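Enquirer: If you scroll down you'll find the structure; I have some questions about it.
The values are calculated or read from the model by the stated rules, or taken from the named source; none is laboratory data. Keep in mind it's a predicted model, so treat the numbers as computed, not measured. No Cβ is skipped: glycine too gets one built from the backbone with ideal geometry, and neighbour counts run over all protein chains shown.
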Amino acid sequence: MKKIAIITMGVKLRREKGYTRFSYLAEFLTKAGYQVDLITTTFQHWEKAQRDLGKIRKDMESGLYPFGLRFIYEPGYKKNIDPARIISHRKAAKNLRKMLEEKPDDGKDYDLIYAEIPPNDVARTAAEYAKEHKIPFVADVNDLWPEAMRMVLDVPVVSDFLFRPLEKDAERVYSLVSGVVGTSDEYRDRPFKNQKRKVPKVTVYVGNEIAVFDKGAQNNASIVPKRDGEFWVSYAGTIGTSYDIRTMILAGEELANRGYSSVKIKILGGGPLKGELEALASDRQIYNVEFVGYVPYDKMAAYLKKSDVLVNSFVKKAPQSIVTKIGDYLAAGKAMINTCMSPEFRAKVEAEGFGVNIMPENVNELADTIVDLYENEEKCRQMGENARRIATEQFDRPQAYKKIERLIAQLVR
């Protein structure tokens with residue numbers, strides 16, 4: 001039995017907040033016949049707190065995890081974009097190196113290392129260890145650092161100085177890959193931008209389990225009340241710098257001023273700008289905007305299913321491509337308004353016919369587009385059907401993640 005290490009600094013374990021891509025992958029590969037260790041941090045990224053390792057170990061002893069779990073100490077940080085985060089990841093990278101040099105409990109070395117990037121320095125540690133021990137290394141590219149960080153801190157000379165180590169780490173990782181998995185075509189191809197290498201590469205969207213999404217939506221439908229005649233325009237995700245929630249709020253105000261009283265803006269999630277944006281809506285007395293807050297995944301699914309239009313809302317400079325929430329948006333089977341400027345995703349929206357692209361940070365254009373969909377029920381319905389079809393064909397993890405397993409099999413055979 002081949003043994004694999006999956007390394008991630010951001011993963012949702014039982015009873016936690018966050019994303020499940022890597023815990024799902026660990027279980028998926030275990031079922032495919034591999035022995036898997038999921039290596040992660042003591043710090044829970046979404047809760048910004050240290051994990052209760054005692055509870056997790058009890059869950060492990062009870063057989064609730066079919067794969068192994070190993071934890072490296074990380075001191076943590078309070079903000080997503082924060083010098084403390086860079087320092088925290090640097091310490092995590094050093095601790096990862098120590099862990100990899102130690103023999104696992106079963107004394108068996110890894111046959112392949114699979115690590116997410118970013119964090120760049122953690123991925124570099126994994127990649128260099130794999131090279132030294134002649135182990136295949138697969139990078140899972142699910143964001144671009146430092147490109148994304150320049151959204152918050154883009155000061156000539158200063159930013160270049162701060163981010164140069166991240167750039168060097170990224171290029172070093174890309175020079176060592178045996179295979180690449182990208183959560184979009186753009187991310188899949190990024191390792192080859194500055195160097196030509198012939199290694200296997202695949203695009204596997206973050207995706208979701210559609211059966212789990214549907215069950216959650218069904219089980220929570222009764223606790224998500226929607227009045228007859230209401231038209232919900234919803235956003236689910238982080239309320240932070242990259243996401244253009246301000247324009248959604250002001251579009252809600254514009255729609256109310258135009259007399260569209262049945263249109264309701266629903267904002268699901270939390271983040272660093274939530275308080276500021278709630279104050280904006282309150283100060284301007286925009287009463288058709290509701291900040292629902294963070295809700296568990298199954299309840300979020302019910303909100304998305306009850307919505308009429310979903311907004312993939314980004315600011316102009318946002319570097320994101322095809323993000324985690326897209327799988328859930330598509331599974332909901334609703335028309336999508338997209339303001340993300342990623343050429344890849346904008347082309348997909350148009351080609352697959354599940355939504356409409358508009359320019360970000362434009363209140364009137366967003367309001368006009370909402371009105372158009374509100375007044376064209378058939379258009380909304382057709383886009384929703386297309387969305388659900390694409391979710392099933394391209395984003396459903398039980399099928400989509402087979403591409404990752406095939407890539408790994410190619411490298412360890």
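Enquirer: Among the numbered criteria (1) surrounded by fewer than 22 Cβ atoms within 10 Å (Cβ to Cβ); (2) of a type outside the set (A, V, I, L, M); (3) at pLDDT 95 or above; (4) in a loop (DSSP other than H, G, I, E, B), which one does Lys317 miss?
Expert: Condition not satisfied by Lys317: (3).
Enquirer: Right, another one. Within segment 382-404, how many residues are surrounded by fewer than 20 Cβ atoms within 10 Å (Cβ to Cβ) and over 20 Å from the mean Cα position of the chain (by Cα)?
Expert: 4
Enquirer: So Ser261 ticks every box in (1) surrounded by fewer than 18 Cβ atoms within 10 Å (Cβ to Cβ); (2) hydroxyl-bearing (Ser, Thr, Tyr); (3) in contact with a helix residue (DSSP H, G or I) (Cβ under 7 Å, 6 or more places away or on another chain) but one. Which box is left unticked?
Expert: (3)
Enquirer: Of all residues in segment 281-308, count the ones that are among the aliphatic types (A, V, I, L, M), part of a helix (DSSP H, G or I) and either over 20 Å from Asn257 (Cβ atoms) or under 19 Å from the mean Cα position of the chain (by Cα) (or both).
Expert: Qualifying residue count for the region: 4.
Enquirer: So in segment 23-46, with the set limited to residues that are under 21 Å from Asp109 (Cβ atoms) and touching a residue at least 60 places away in the same chain (Cβ under 8 Å), which one is surrounded by the fewest Cβ atoms within 10 Å (Cβ to Cβ)? Talk me through it step by step, then tell me what you get.
Expert: So the first thing to find is which residues in segment 23-46 are under 21 Å from Asp109 (Cβ atoms), and the list is 25-26, 29-30, 32-40.
Add one more test, that the residue is touching a residue at least 60 places away in the same chain (Cβ under 8 Å), and what stays is 25, 29, 32, 34-35, 37, 39.
On the way: Leu25: 26, Leu29: 23, Ala32: 15, Tyr34: 21, Gln35: 17, Asp37: 21, Ile39: 27.
Among residues in segment 23-46 that are under 21 Å from Asp109 (Cβ atoms) and touching a residue at least 60 places away in the same chain (Cβ under 8 Å), the one surrounded by the fewest Cβ atoms within 10 Å (Cβ to Cβ) is Ala32.
Enquirer: Tally up the residues in segment 183-235 that are assigned to a helix (DSSP H, G or I), in contact with a Leu (Cβ under 8 Å, 6 or more places away or on another chain) and not hydroxyl-bearing (Ser, Thr, Tyr), please.
Expert: 2
Enquirer: Does segment 94-147 hold any residues that are part of a strand (DSSP E or B) and farther than 23 Å from Leu162 by Cα, and which are they?
Expert: Leu112, Ile113, Tyr114, Ala115, Phe137, Val138, Ala139, Asp140
Enquirer: Filter segment 290-305 for residues that are out of contact with any Ser or Thr (no Cβ under 9 Å at 6 or more places or on another chain) and among the β-branched types (Val, Ile, Thr) and give the result.
Expert: Val295 - this is the single residue of segment 290-305 that is out of contact with any Ser or Thr (no Cβ under 9 Å at 6 or more places or on another chain) and among the β-branched types (Val, Ile, Thr).
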